[in-house]
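Below is one structure, written out as structure tokens; comments come after it.
The values are calculated or read from the model by the stated rules, or taken from the named source; none is laboratory data. Predicted, not measured: the structure shown is a model, and the values here were computed from it. Heads up, the Cβs are rebuilt from the backbone with ideal geometry, glycines too, and the neighbour counts pull from every protein chain shown. Ligands, DNA and RNA are stripped out before the accessible areas are found, and what is left, the full protein with its side chains, is counted by its heavy atoms. Shrake-Rupley method; radii C 1.70, N 1.55, O 1.52, S 1.80 Å.
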Amino acid sequence: MRKLIFAINISLDGCCDHTMFGPDEETLAYFTHLTRDADTFVYGRKTYQLMVPFWPDMAKNHSGDKANNDFADAFDAIKKIIVFSRSLDTSEGKNTSIVRTNLQNEILKLKQEHGKNILTGGVSVPSQLMELGLVDEYIFVIHPIVAGAGRRLFNGASLQQSLPLKLVETNIFKSGCVALRYLKQ
């Protein structure tokens with residue numbers, strides 16, 4: 001069975017608003033590696049619209065530095081992007097499907113397919129996936145900043161019981177960012 005991995009950049013105070021801080025070369029390289037180990041992305045509308053067309057466009061024209069271009073190429077090579085949205089009518093990206101049906105059933109089908117890992121990011125859809133018990137692995141890249149404002153990780157999520165996780169990997173970057181990888185127990 002394929003793994004569903006939730007990976008996100010956050011501040012020390014749990015902010016995951018990308019406008020408050022951004023990844024550096026080393027953290028982008030980390031996310032590039034994660035992306036190359038996946039072949040499917042699962043997003044909500046907001047995260048999808050942040051990622052597409054930005055990264056595919058960068059992959060076409062290589063307008064960034066090496067780290068950004070490498071991530072753009074890895075992102076553009078993803079075979080399937082699934083967007084859960086009730087309001088999005090059309091998709092801009094290649095290999096993108098808009099899904100309006102049952103989140104749980106769709107993810108369970110994806111996990112049964114052959115392939116690489118499934119990555120998700122953002123807040124809303126990953127929170128729902130966490131509530132449904134479908135996230136197998138959590139990766140939090142914590143940036144050394146207190147944002148003080150912005151959307152918070154798992155804001156509005158409601159669990160029936162606490163979710164024990166096991167820390168299986170820690171990466172400390174020169175920038176002071178720390179990547180923490182947890183498995184669901």
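Output the residues belonging to region 159-185 that are closer than 21 Å to ASP24 by Cα and either in a strand (DSSP E or B) or open to solvent by 40 Å² or more (accessible area, probe 1.4 Å) (or both). Residues satisfying the conditions are GLU169, THR170, ASN171, ILE172, LYS174, SER175, VAL178, ALA179, LEU180, ARG181. Remark: GLN128 matches the filter, which requires a residue to be assigned to a helix (DSSP H, G or I) and either without any contact (Cβ under 8 Å) to a residue 60 or more places away in the chain or open to solvent by 40 Å² or more (accessible area, probe 1.4 Å) (or both). Between GLY148, GLY156, GLY122, the distinction of being assigned to a loop (DSSP other than H, G, I, E, B), closer than 21 Å to ASP17 by Cβ and touching a helix residue (DSSP H, G or I) at 6+ places or on another chain (Cβ under 6 Å) belongs to GLY122 only. Within region 16-54, being open to solvent by less than 70 Å² (accessible area, probe 1.4 Å), in a helix (DSSP H, G or I) and more than 24 Å from LEU180 (Cβ to Cβ) holds for one residue alone: TYR48.
Close Cβ contacts (under 6 Å, 6 or more residues apart or on different chains) running from residues in region 99-125 that are free of Cβ contacts under 8 Å to residues at least 40 places away in the same chain to residues that are hydrophobic (A, V, I, L, M, F, W, C) comprise VAL99/ILE82; VAL99/PHE84; LEU103/PHE84; GLN104/LEU132; GLU106/VAL99.
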